[in-house]
Amino acid sequence: MNNVSANGQDLRSVLITGATGGIGAELAKRYARPGRVLILWGRNKERLDDVAKLCCARGAEVSPRQIDLSKGEAALAALREDQARHGLDLLILGAGLSDIKPLDQPTEDPESVLRLALVNYATPATLATAAAQGMMRQGHGKIVLIGSVAGFYELPFAAAYSSSKAGLACFAQAANLAWRPANVQLTLIIPGFVDTPMSQRLEGARPFLVSAESAARQIMKAIRNGQAEYIFPWQFRVLRVVERLLPLFLRKRILMNLGVGQKEHAGG
Ligand SMILES: NC(=O)c1ccc[n+]([C@@H]2O[C@H](COP(=O)([O-])OP(=O)(O)OC[C@H]3O[C@@H](n4cnc5c(N)ncnc54)[C@H](OP(=O)(O)O)[C@@H]3O)[C@@H](O)[C@H]2O)c1
């Protein structure tokens, strides 16, 4: 038995988008092992090189790609190229963007709304579909979409982010019904707050915060178990049940009173 199939997971080729980010880099490192091809996508060249080096040192064959996912058609062509070259057993669509409307402005920036819709929803849905077609031809495959608990709520300060994740969740549920019978397993990961540059930009509380390491461990377990949906940490699973009991007027009042802002950068 070789190193790749030693744990019962025959994942010879794994593509991760957002491999330069907090969760994606952690996943890349944990999936890196001899006998496996890791196709790593990111925008930031320096971080991409760093993660690629680390994964190579752990014995994986690494194929990095610097790419902007707001260019959906170029991303689709790149996916097809990588899938044709390496095959694809697991695709993790982890790249994502968040944005929060300034408290003193009534709307988000329209260009940012467009970028979020492309990077968080349109491009991942497109790439998942193209990958599923290839996986169906090879007879098997796993696809992972990373949503957010923000997709459960109509966040007035982040309409673009929360709706992009809600749309992604709806896509995942529908696609799962269609694809599972063809042996393509889709897993929707729904994280709460994870301690990465994305959440470090937030001004306000980050309840039930988990580390990127813990997030990656839980995501890999959900993929291994073939779960259709996985919400973490557990407190958000409880909240999901409790909030269904709230009358609508109370839900709206709570959402309207959430005061969340954001810093320019994670550090500052
Ligand atoms: N952190 C949280 O609290 C949290 C909670 C719920 C859901 N999530 C979701 O988890 C996923 C990973 O987020 P994270 O926490 O790891 O955030 P992160 O550290 O900010 O990483 C985001 C990743 O997305 C990539 N990305 C952003 N815009 C891109 C674009 N236009 N083209 C290509 N790649 C792009 C970034 O690439 P570059 O850095 O190279 O630009 C980076 O690799 C996201 O989908 C996010 O929505 C995060």
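Taking the stretch 76-106 only, how many residues are among the aliphatic types (A, V, I, L, M), over 22 Å from Asn44 (Cβ atoms) and open to solvent by less than 60 Å² (accessible area, probe 1.4 Å)? The number of residues fulfilling the criteria is 2. The residues of the stretch 107-159 that are open to solvent by 20 Å² or more (accessible area, probe 1.4 Å), more than 15 Å from the ligand (Cβ to nearest atom) and under 15 Å from Arg80 (Cβ atoms), listed by number, are Thr129, Gln133, Met136, Arg137, Gln138. Checked across the stretch 58-66, the condition of being surrounded by fewer than 17 Cβ atoms within 10 Å (Cβ to Cβ) and under 21 Å from the mean Cα position of the chain (by Cα) holds for at least one residue. Of all residues in the stretch 34-48, those being away from the ligand (no atom under 11 Å from the Cβ) and either touching a Gly at 6+ places or on another chain (Cβ under 9 Å) or open to solvent by 10 Å² or more (accessible area, probe 1.4 Å) (or both) number 4. Only one of the listed residues (Ser70, Ser13) is open to solvent by 20 Å² or more (accessible area, probe 1.4 Å), at pLDDT 95 or above and either on the phi > 0 side of the Ramachandran plot or not acidic (Asp, Glu) (or both). That residue is Ser70.
Quick one: how many residues across the stretch 173-192 are buried (at least 16 other Cβ atoms within 10 Å of the Cβ) and over 13 Å from the mean Cα position of the chain (by Cα)?
Residues flagged as buried (at least 16 other Cβ atoms within 10 Å of the Cβ) and over 13 Å from the mean Cα position of the chain (by Cα) within the stretch 173-192 amount to 5.
Considering only the stretch 48-95, how many residues are basic (Lys, Arg) and either closer than 13 Å to Ile16 by Cβ or in contact (Cβ under 8 Å) with a residue 60 or more places away in the chain (or both)? Qualifying residue count for the region: 1. Among the residues of the stretch 99-111, none is identified as touching a helix residue (DSSP H, G or I) at 6+ places or on another chain (Cβ under 9 Å) and at pLDDT 95 or above.
For the stretch 200-213, filtered to residues that are out of contact with any helix residue (DSSP H, G or I) (no Cβ under 8 Å at 6 or more places or on another chain) and touching a residue at least 60 places away in the same chain (Cβ under 8 Å), the residue that is most open to solvent (accessible area, probe 1.4 Å) is Glu203.
The values are calculated or read from the model by the stated rules, or taken from the named source; none is laboratory data. It should be emphasised that the depicted structure is a prediction, and the values quoted were computed from it without experimental measurement. Glycine gets a Cβ as well: all are built from the backbone with ideal geometry, and neighbour counts include every protein chain shown. The protein model used for the area step is the full one, side chains on, heavy atoms only, and it has no ligands, DNA or RNA in it. Shrake-Rupley method; radii C 1.70, N 1.55, O 1.52, S 1.80 Å.
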